[in-house]
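Quick note: the coordinates plus some simple rules give every number you see, no bench work behind them. Remember, predicted model here, so these are calculated numbers, not experimental data. Here Cβ is always computed from backbone atoms with ideal geometry, including for glycine, and neighbour counts include all displayed protein chains.
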Amino acid sequence: MSTKILTILLFAMFLLFSCSDTDDDIIIIDSGGSSEYFLNNQTNKRIIAIFQKSESLGLGIDTTDILEINTSKEVFQDFMIGVNPMPTDSFNEIKFFEADDLDNPILILSPIQNQDWTLKSQDLNDSGYGLSTFEFTITN
């Protein structure tokens, strides 16, 4: 094969494989929000919370570490595209137990109600989405 034909074939292959579809150059941004959830133990007992995540999160079960007396602790974070998650978006149920008695819940949140949570802070960007911090306080 002559050098001229080889050069033309290589040039044609270069053009063929270097052409880009303009759709590949488009950046798609899906805005979303995130939430942090804190539990505030204002009881005179050490508490453990067992929570069931929402259906959209697969209904998984998770457990907190011990929540000491008069402390607030982050227990979960959630992120969703196209929405700022609320407690009802993240949790299906939360059961609170004394740390020494995991057989008898002292409080059950079922169903979850957004109004039971305090919105501690919210940092939204221009899209209207951002970080929200919620806290639920358990008292005697």
Worksheet item: Once you list every other residue whose beta carbon is under 14 Å from the beta carbon of I48, what net charge do they have if Lys and Arg are +1 and Asp and Glu are -1?
Response: -3
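When a footprinting reagent is the concern and you count Cβ atoms within 10 Å, what order do I112, I69, I27, I50 take, fewest first?
If I rank by nearby Cβ atoms, fewest first, I get I27, I69, I50, I112.
Let me check I've understood the local charge: for N104, count other residues with C-beta under 15 angstrom from its C-beta, Lys and Arg +1, Asp and Glu -1. What total comes out?
-1
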Discussion item. Across the stretch 32-139, what fraction of all alpha-carbon pairs, as a whole percent, falls in each successive 5 Å bin from zero upward?
Written reply: 2, 13, 23, 24, 19, 10, 5, 2, 1, 0
Worksheet, complete the sentence: A chain fully extended from T137 to S72 at 0.36 nm per residue, minus the present Cα-Cα distance, gains in nm 22.6 nm
